[in-house]
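J.: Got a structure for you, written out below as structure tokens; questions coming shortly.
The values are calculated or read from the model by the stated rules, or taken from the named source; none is laboratory data. Keep in mind it's a predicted model, so treat the numbers as computed, not measured. Note that each Cβ is placed from the backbone with ideal geometry, even for glycine, and that neighbours are counted across all protein chains shown.
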Amino acid sequence: MTSRVDFHTHSKASDGLLSPSELVERAHGKGVRYLALTDHDTTAGIAEAQAAALKTGLHLIPGVELSVTWENQCLHIVGLDIDPLQTTLAGGLESLRDLRNSRAIEMGRRLEKKGISGALQGARRLAGEGMITRTHFAQYLVDQNHCPTIQKAFDHYLSRGKAGYVQTPWVDLENGIGWINAAGGTAVLAHPQRYKMTATRMRKLLAAYRDAGGQAIEVVCGNSNRDDIRNSAGFAREFGLLGSVGSDFHSPDTPWTEIGRLRPFPEHVEPVWTKLGIALNSFVT
Ligand code: AMP
Ligand code: MN
Ligand code: MN
Ligand code: MN
């Protein structure tokens with residue numbers, strides 16, 4: 001169940017717990033040879049991760065996980081092998097940072113109305129220099145004993161329809177994919193099973209996604225079961241998309257999404273790493 005490839009991970013640059021170098025060292029220790037750092041809407045951790053990767057011999061793929069809006073729903077698109085300095089992408093990420101900052105202010109206001117004080121400042125403190133996310137608000141709610149767990153903080157305050165949830169107009173699907181492609185990257189639809197779509201809606205999305213230049217879909221995620229993998233592999237074949245794999249690792253505290261802890265790659269799907277020029281004889285070690 002250990003994969004040499006993990007193309008979806010987070011660091012402190014967004015809502016991960018480890019610094020980029022700690023992440024690279026942990027991945028190396030787990031036997032991962034090809035790691036993509038894909039922080040939410042930022043490439044700020046990539047330089048540090050690259051430097052750490054050079055020391056260990058692990059191959060670091062610069063990445064990002066974009067928040068996009070499609071038909072009123074928030075989706076995540078991973079960009080792999082991007083040039084973090086490319087101006088279209090960098091400008092786009094700057095606009096998402098502004099959106100995140102104003103969303104955080106509004107979240108703080110709404111939580112205040114529910115009797116939770118200091119959430120904006122608390123979340124900002126936890127985010128530090130990194131991108132501010134709902135995960136930081138959730139951690140603050142747990143730290144202040146408003147909620148027993150991160151999961152409950154999302155369920156009671158931060159999920160769609162709850163008091164602290166703020167509907168946010170992220171970049172639209174077409175432009176988000178455009179930014180990734182402008183930066184020389186490959187677009188990957190992240191964790192398809194998490195959107196809870198009917199097969200009909202998923203097909204509508206995948207048609208729009210492919211037409212906009214989307215090239216790949218995650219077929220193995222950290223929490224995928226066999227049915228999830230069979231389903232997404234079927235969609236990859238149906239729409240002629242490449243398959244990617246990623247744990248979506250955030251923190252050592254959640255061992256069920258450990259770096260490199262991934263089920264085997266499905267048959268009859270072309271892996272995204274062939275396009276990235278990575279030849280792998282055996283995917284699973
Ligand atoms: P944001 O992009 O700021 O809206 O935050 C989204 C992040 O929150 C995701 O990337 C997850 O890491 C985390 N998240 C979302 N929903 C949940 C949940 N139900 N339980 C735990 N973490 C969640
Ligand atoms: Mn996250
Ligand atoms: Mn995601
Ligand atoms: Mn992620």
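J.: Within the range 226-245, which residues are of a type outside the set (D, E, K, R), more than 18 Å from Ala212 (Cα to Cα), out of contact with any His (no Cβ under 8 Å at 6 or more places or on another chain) and free of Cβ contacts under 8 Å to residues at least 40 places away in the same chain?
T.: If the condition is that a residue be of a type outside the set (D, E, K, R), more than 18 Å from Ala212 (Cα to Cα), out of contact with any His (no Cβ under 8 Å at 6 or more places or on another chain) and free of Cβ contacts under 8 Å to residues at least 40 places away in the same chain, then Ile229, Asn231, Gly234 are the ones that fit.
J.: For the range 191-225, which residues satisfy the criterion of being assigned to a loop (DSSP other than H, G, I, E, B), closer than 17 Å to Glu71 by Cα and touching a residue at least 12 places away in the same chain (Cβ under 8 Å)?
T.: Ala212, Gly214
J.: Still on this structure, I have one more. Any residue at all in the range 253-262 that is closer than 28 Å to Ala207 by Cβ and part of a loop (DSSP other than H, G, I, E, B)?
T.: yes
J.: Here's a check for you: in the range 138-160, which residue that is more than 8 Å from ligand 1 (Cβ to nearest atom) and touching a residue at least 24 places away in the same chain (Cβ under 8 Å) is surrounded by the most Cβ atoms within 10 Å (Cβ to Cβ)?
T.: By that ranking, first place goes to Leu141.
J.: Give just the number: which of (1) modelled with pLDDT of 95 or more; (2) within 16 Å of ligand 4 (Cβ to nearest atom); (3) more than 13 Å from Thr2 (Cα to Cα); (4) among the charged types (D, E, K, R) does Arg261 not satisfy?
T.: In the conditions (1) modelled with pLDDT of 95 or more; (2) within 16 Å of ligand 4 (Cβ to nearest atom); (3) more than 13 Å from Thr2 (Cα to Cα); (4) among the charged types (D, E, K, R), Arg261 misses (3) alone.
J.: Please find, among Arg134, Arg97, Arg103, the residue that is within 16 Å of ligand 2 (Cβ to nearest atom), touching a helix residue (DSSP H, G or I) at 6+ places or on another chain (Cβ under 6 Å) and among the charged types (D, E, K, R).
T.: The match here is Arg134.
J.: Let me ask you something else. Of Gly92, Gly79, Gly63, Gly122, which residue is under 17 Å from Val24 (Cβ atoms), touching a Phe, Trp or Tyr at 6+ places or on another chain (Cβ under 8 Å) and buried (at least 19 other Cβ atoms within 10 Å of the Cβ)?
T.: Gly63
J.: For the range 1-37, which positions are of a type in the set (A, V, I, L, M), in a loop (DSSP other than H, G, I, E, B) and within 17 Å of Cys221 (Cβ to Cβ)?
T.: Met1, Val32
J.: Given the criteria outside the structural domain of Glu129 (by TED's automatic domain parsing) and within 16 Å of ligand 3 (Cβ to nearest atom), does Leu58 qualify?
T.: no
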